[in-house]
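What follows draws every value from the coordinates through simple rules; no lab data is involved. Treat the numbers as computed from the prediction; the structure is a model and nothing was measured. Cβ atoms come from the backbone with ideal geometry, glycine included; neighbour counts cover every protein chain shown.
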Amino acid sequence: MQVPVLRSTHKTLTERIAALKKDIEGNSKEIGRAAALGDLKENSAYHSARERQVLLLERMQRLKVYLGGRIVDVTGNPPDKVSFGTSVTVLDSQTAITHTYNIVGPAEYELALLSDIVTFAAPVAKLLLGKKTGDTVEFRFGTTEWTGVITDIRAIE
């Protein structure tokens with residue numbers, strides 16, 4: 001299954017992967033310089049650079065997976081219902097406190113591109129998906145229960 005990715009996230013992914021490639025190149029040079037110092041068994045600079053290389057390569061692999069995702073463009077017409085790529089405001093019926101949920105995917109979550117991120121597979125998102133402005137939503141998670149009304153739905157991009 002292709003994971004959806006916002007168009008703006010795809011651009012950010014491309015930029016971050018390019019930056020990681022530069023970091024990996026610089027790190028490879030660090031490894032070479034550290035290796036030239038001699039005895040690798042007790043060479044902390046070498047071991048530190050190698051550990052950093054592993055982390056950089058793992059990060060790049062994780063981000064590359066999202067590049068193959070289905071690109072979603074939510075610009076254009078204002079959304080009439082909650083869907084991937086929307087920001088939803090819910091008014092708590094009892095406390096009058098508003099809660100905002102940005103319905104996105106794991107790429108946006110991993111990159112921490114927004115605050116109040118809820119991935120589309122999360123229980124909160126499943127309650128909200130498909131709802132319209134004015135709809136009432138009953139939240140029940142563990143011992144937490146509250147009712148809210150959707151007051152606003154906007155495209156994130």
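Note on L67 and R154: their simple-model spin labels are 3.2 nm apart, each label 7 Å out from Cα toward Cβ. Of all DSSP-defined beta bridges confined to the chain, some 75% are antiparallel rather than parallel. Summing charges over all other residues whose Cβ lies under 15 Å from the Cβ of E15, with Lys and Arg as +1 and Asp and Glu as -1, gives +4. Using a simple spin-label model with pseudo-atoms 7 Å out from Cα toward Cβ, L114 and V54 lie 3.5 nm apart. Measuring how big region 86-155 is from its alpha-carbon positions, Rg and Dmax come out at 11.9, 34 Å.
Given the pairs K11/K131; K22/K64; K11/K126, which span a C-alpha to C-alpha distance of over 21 angstrom in this model? The answer is K11/K131; K11/K126. Annotation for N43 and E138: the two label points, set 7 Å from Cα along the Cα-Cβ direction, are 6.7 nm apart. G130 sits among other residues whose Cβ lies under 13 Å from its own Cβ, and their net charge, with Lys and Arg +1 and Asp and Glu -1, is +2. Listed by chain and number, the aspartates and glutamates whose alpha-carbon sits under 13 Å from that of K81, ignoring those within fewer than 8 places in the same chain, are D135, D152. Mean separation of Cα pairs under 8 Å and 6 or more residues apart, divided by the residue count, gives the chain a relative contact order of 25 percent.
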